[in-house]
Each structure stands twice: as C-alpha cells, then as structure tokens.
Amino acid sequence: MPGLIRGVARTAVVAGTATAVSNRVTRRQQGRWAAQQGSGQYAPEPPAAAAPSSPDMTDKIEQLKQLGELRTQGVLTEAEFEEQKRRLLQA
C-alpha cells in the first residue's frame with residue numbers, strides 16, 4: 001500500500017508541475033495576442049532558448065511546500081524528496 005500512495009503522490013507532483021507550466025504558457029500567449037491586437041502588428045517571435053519554460057518562483061515555492069508535506073507525512077522518502085526538489089529547482 002505505501003508504494004501505491006507514493007506513486008499517487010508522484011503523479012500529483014508531476015500533474016501540478018505540468019498545470020503550472022501550462023498556465024504560464026497560456027498567460028504568455030494571451031499577452032502576446034493582446035499586444036498584437038493593440039499595435040496592429042505582429043510582434044517578432046523571441047528565440048526558443050530565451051523563452052523560459054519553467055514555472056515562476058512562487059509556483060516553485062508552492063510545489064516545494066507540497067513536497068515537504070508529503071515527506072513529513074511519510075509518503076516520500078528523504079531520497080525521493082531530494083530528487084524531486086533537485087528536478088524542480090533545475091527546471
């Protein structure tokens with residue numbers, strides 16, 4: 001049973017990260033569309049390397065808090081927590 005809970009917790013973390021990234025992309029696209037409509041011109045597309053694909057810092061902090069709670073509850077081991085934290089901070 002602990003393996004099942006751990007798997008569900010990982011899925012929740014991944015889904016939360018994906019949702020945060022998706023929301024950020026949507027906000028950026030809406031901002032671009034609004035700028036294009038306001039100026040009557042199309043804004044040049046920024047290079048792919050310059051566009052950040054990770055959630056902003058408040059999203060990262062929230063996800064770190066969730067990971068800490070899962071570790072405290074015993075759902076994640078210390079090693080799993082450290083691995084997820086490393087991945088989150090590298091994104």
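Assorted remarks:
- In the context of the full protein assembly, I61 retains an accessible surface of approximately 80 Å², using a probe radius of 1.4 Å and ignoring ligands and nucleic acids.
- Here each label is just a point 7 Å from Cα along the line to Cβ, and for V25 and Q90 those points are 2.1 nm apart.
The values are calculated or read from the model by the stated rules, or taken from the named source; none is laboratory data. What you see is a predicted model, and the numbers here were worked out from it, not measured in a lab. In this analysis, Cβ positions are derived from the backbone assuming ideal geometry, glycine residues included, and neighbour counts consider all displayed protein chains. Heavy atoms of the whole protein, side chains included, go into the accessibility calculation; ligands, DNA and RNA do not. Shrake-Rupley method; radii C 1.70, N 1.55, O 1.52, S 1.80 Å.
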